[in-house]
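*Asks:* Before I ask anything, let me first share the structure, which is written out below as structure tokens.
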Amino acid sequence: MRVEYIKRDVARKTFNTNKKEILFSRIVSYVVLTFLGLIVIFPFVMMIISSLTVGGSYAVGKGEFSFIGYKDIFTSVVAIDTNTDVPYLVTGLKNTLLITVPSTLLGLFVSAFSAYAFAKIKFKGRNVVFFIMLLTMMIPGSLFFVPSFIIYSHLDLVDTFFPLIVPGSFGSAMCVFFLRQAFMAIPDDYIEAAKLDGIGHFRIFWKIVVPLSAPALISQGLLGFVGGYNDYLGPLLYLHDPKRYTLQIALQLIHTQSSTGDNQMFLAATVVSLLPTILIFLFAQKYFIKGLTNSGIK
Amino acid sequence: MRLELSKENRDPKSKVHSRAFENTYGFLTAVIPLLGFVIFGVTPIIISTIQSFTNYAGAGSPYDLANTVFVGFAKYSKVLHDKVFWQAVGTSFLNCLVTPFCMAFGLIIALLVSNTKLFGRNFYKALFFIPYVCSVVASCLIWVCLLEDGGFLNQLFTKIGWTWVDLNNPKFVMPLMIFLGVWSGVGFSVIMYTAALTNTDNGTIEAAKIDGANKWQQFWHVTFPSIMPVTFFLLVTGIIGNLQDFTRFSLVGDYYKANGSYVTMAYYLYHYMDSDMLDLGLACAASWILALIVMIVTVTQFIVNRKQGDTTK
């Protein structure tokens, strides 16, 4: 009661200044957000304009309007693997999907089942194992890539998809961490009730936990997919045969091969390569944001 | 009652969930990702440690230890006496400036868009996040197309007399790389901070308001401490990532461009995996030095954070 009274009192006193202040802060907010937003969006706008201008980013405002860049991706000599006559972008997209889809799905499944064990099975040494898993996240990734390359090249696994699919299929500690957080929100009663009915862990996981935490799983899956789709370092290290190039490598190749003085085709290829991720993001925005914010870091 | 029942396994049907079974099953399931780490993480680390003490260059089998010549710390000392490496260390540490900029802009944007009365806040949130889902190849190369000699922005800047906007100019490299890092990374900070701000207790802020705290005091004494864990998380992960970054640098420049201004620590070791400079023993030694630097920086952050936590208590 008293608090309410004081609140009203404060509100009355500051009413006039508040109104002006709110208007002022609203204007400042819009100015700052729009200014920063323009910096973020500017290169994308320029990319689209350039991809429709003969001469690309060198001739914006001067060059002719044309869709030829988009046609060139599939016909130009520099954008086609001369051995197979398939455009790099097509090979790239095919290989990227061949790598990313299985490794994301398998990795997500393994991580989720492991997260289920951490969240819902009370086994001996659970905390120790979890702590060790968290510790592995602290080891800098750059420690692995030279020796991994040595090992794979001596096992003749360079220029195969093995190094890009198999390690990822074991799931990731980060994913386990996020999913464990989501699974812990499911009441233990459900699990206990299912156990009483004699249902095994895998069926509990598959029939109860997975449906109940679908949003978290979808968001982790999407983040994993986009991460794989955008991966550049892995394919750069392990795939040297043009037939095995992924989309990102193909894009980089088209950039270096396209003639100086005209990057219209390259920018058209960039637009095409960005479309899938940006569309996925726009349609599944809430999952992306959920996936990052369900972290339990408060 | 029900819980007790299941604990004692009185129900004949629930024999599947006996104590011993739970222990093995739980452990085996939970440990699969770790198993992946042991196979694809620990093995490379062992190989890397051994090879960093040998003169292994890339020819021959890395497991053929009988014919391996151990050279002690020779590779390490070669790295540590290389001027290029120390320049790379400087570049990598400068590159860490990306993190505080990302955090500052991320916090400002998050504070603005978390005002529920702001029209179009979701639009802005999505806008800042788009660079985060774009590949590093696409985002770096778009900027290169705009900034390289003859590109749209380069022409524009030349017209107004800014001739220093040049990808070959060593003085321009770091500001550009930091800008690129912030441009593509700020979305992540925005999302993390927005989530943290929606989780802050509004009651405390109301109480502070009634006590007569101004906006700045409200922010500094109530909001900021409550989002401290996210700040720490962004700082640690950001520094780890930026210390080891090299794709951004290798895409915009190359090893020899602008007097080696584009060479970071990770780029340095990657260079020795390349066919013309092949020296995998040296690359292993360099990757150990890089890993140690990253680990020291990370542990220092944790210690400082712990100490600060103690003093505020």
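Any read-out appearing in this document is the output of simple, stated calculations on the displayed coordinates, not a laboratory observation. These numbers come from a predicted model, not from an experiment. Don't worry about glycine lacking a Cβ; one is built from the backbone with ideal geometry, like all the others, and counts go over all protein chains shown.
*Asks:* Would you pull out the residues with amide H under 5 Å of A:Asp81's amide H, same chain only if 5 or more places away, H placed 1.01 Å from N?
*Replies:* Correct list: A:Val86, A:Tyr88.
*Asks:* Let me have the relative contact order for the range A:79-293, percent, based on Cα pairs under 8 Å that are six or more residues apart.
*Replies:* Details: 200 pairs, mean separation 73.3, N = 215.
Dividing the mean separation by the residue count of the range A:79-293 yields 34 percent.
*Asks:* State the Cα centre-to-centre distance between the range B:166-228 and the range B:112-163 in whole Å.
*Replies:* 19
*Asks:* If you find the alpha carbon centre of the range B:259-300 and of the range B:229-251, how far apart are they in angstrom?
*Replies:* 16
*Asks:* Let me ask something else. From the cross-link list B:Lys83/B:Lys257; B:Lys117/B:Lys215; A:Lys20/B:Lys117; A:Lys122/A:Lys195; A:Lys62/B:Lys125, which pairs have alpha carbons spaced over 25 Å apart?
*Replies:* A:Lys62/B:Lys125
*Asks:* Shifting gears a bit: For A:Thr53, which sequence-distant residues (separation of 5 or more, or a different chain) have an amide H within less than 5 Å of its own amide H, given hydrogens modelled in the peptide plane?
*Replies:* For A:Thr53, the qualifying residues are A:Ser66.
*Asks:* Only counting other Cβ atoms within 10 Å, I'd like B:Lys159, A:Lys243, B:Lys209 sorted with the fewest neighbours first.
*Replies:* On the way: B:Lys159 8, A:Lys243 12, B:Lys209 18.
Taking fewest neighbouring Cβ atoms as first place, the list is B:Lys159, A:Lys243, B:Lys209.
*Asks:* Also, quick follow-up: As an exercise, identify the trypsin sites (Lys or Arg not before Pro) in the range B:113-150 lying in DSSP coil whose Cβ has no more than 10 other Cβ atoms within 10 Å. Walk me through the numbers before you get to the answer.
*Replies:* Numbers: sites: B:Lys117, B:Arg121, B:Lys125; in loops: B:Lys117.
Answer by residue number: B:Lys117.
*Asks:* Now a separate question. Using only alpha carbon pairs under 8 Å that are at least six residues apart, calculate the relative contact order of chain B and give it in whole percent.
*Replies:* Value for chain B: 26 percent.
*Asks:* Specify the inter-centroid distance of the range A:45-65 and the range A:73-111, based on alpha-carbon positions, in whole Å.
*Replies:* So the two Cα centres are separated by 27 Å.
*Asks:* Going by C-beta contacts inside 10 Å, put A:Thr293, A:Thr260 in order with the fewest on the left.
*Replies:* A:Thr260, A:Thr293
*Asks:* Given 10 °C and 1.306 mPa s, how large is the Stokes-Einstein diffusion coefficient of the protein assembly as shown in µm²/s, with Rh as the Kirkwood radius over Cα pairs?
*Replies:* Calculated translational D: 59 µm²/s.
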